[in-house]
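Only one structure is covered here, and it is reproduced in the block below.
The values are calculated or read from the model by the stated rules, or taken from the named source; none is laboratory data. As the structure is a computational prediction, the values presented were derived from the model and not from experiment. For neighbour counting, all protein chains shown are included, and Cβ atoms are generated from backbone atoms with ideal geometry for every residue, glycine included. Just the protein is used for accessible areas: all its heavy atoms, side chains included, with ligands, DNA and RNA removed. Shrake-Rupley method; radii C 1.70, N 1.55, O 1.52, S 1.80 Å.
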Amino acid sequence: MPSHWEKIITIQYWRPLLLAHLLFLSPTNTVVSAFTLTMGLLKVGVPQPWEKSKKNLNYVREAGVRQFISTYNRVKDLKGDELLWGDEIEYGIFVLDHQNKKIRLSLRAKEIMDNLNKNEASHSYESEGCNWVPEYGAWMVEATPRRPYNGYSVDLLRVERNMRLRRKRILTELNENEIAPTVSAFP
């Protein structure tokens, strides 16, 4: 039986943009085969050049549609299934160079993420927590709630509280000259 997150993430994976992530990123510059996924989340990847990846665009679109139809057919007859949902925040890690008045990418995302996940393990007894995973570049970290939200109004109150918790925890791992801004975006 899939976990709560596996149900949520499976439904999200029909999105072509996310599917493009899956198809175009691989450590060996081959399509898909070298991926390591945990609960549908990207672990390691190297982007392919645009010219090389353009030839896969039709496949990405078609695979996205097939995946959506497959997911729909698998869940269309479910009755009384619990509504589970979540959110994700992507943090870009930047270094402020006050002397030269420049902002540069900080490539410490893996180190920061590893420290955050280690610290999360020490808070595992708490009901509210965070999950830290890699994002697109070595300067980005993605954060999600440790457990999904339910379909109750009380869970709406958990969202902002958990977002504040994630912000507080990532700030503890940044160097004095680093910042981690977030940008609201909709696909």
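3J(HN,Hα) along the stretch 138-148: 6, 10, 10, 10, 10, 10, 10, x, 5, 10, x Hz, from the Karplus curve 6.51 cos²θ - 1.76 cosθ + 1.60 with θ = phi - 60°, whole Hz, x for Gly and Pro.
Close amide H pairs (under 5 Å, H built 1.01 Å from N) link G129 with R146, R147, residues at least 5 positions away or on another chain. By the rule of a C-alpha distance below 14 Å, with chain neighbours fewer than 8 residues away ignored, the aspartates and glutamates paired with K101 are E178. For K102, the accessible surface of its heavy atoms amounts to roughly 100 Å² (probe 1.4 Å, protein chains only, rounded to the nearest 10).
Distance from the C-alpha centroid of the stretch 98-118 to that of the stretch 140-177: 19 Å, rounded to the whole angstrom.
Straight-line reach from K79: taking Cα to Cα under 19 Å and skipping same-chain neighbours fewer than 8 places apart, the aspartates and glutamates in range are E6.
Peptides 82-88, 92-98, 120-126, 141-147, ordered by how many other C-beta atoms sit within 10 Å of their residues on average, highest first, read 141-147, 92-98, 82-88, 120-126. To put it simply, the accessible area of the stretch 50-94 at a 1.4 Å probe is 55 percent carbon and sulfur.
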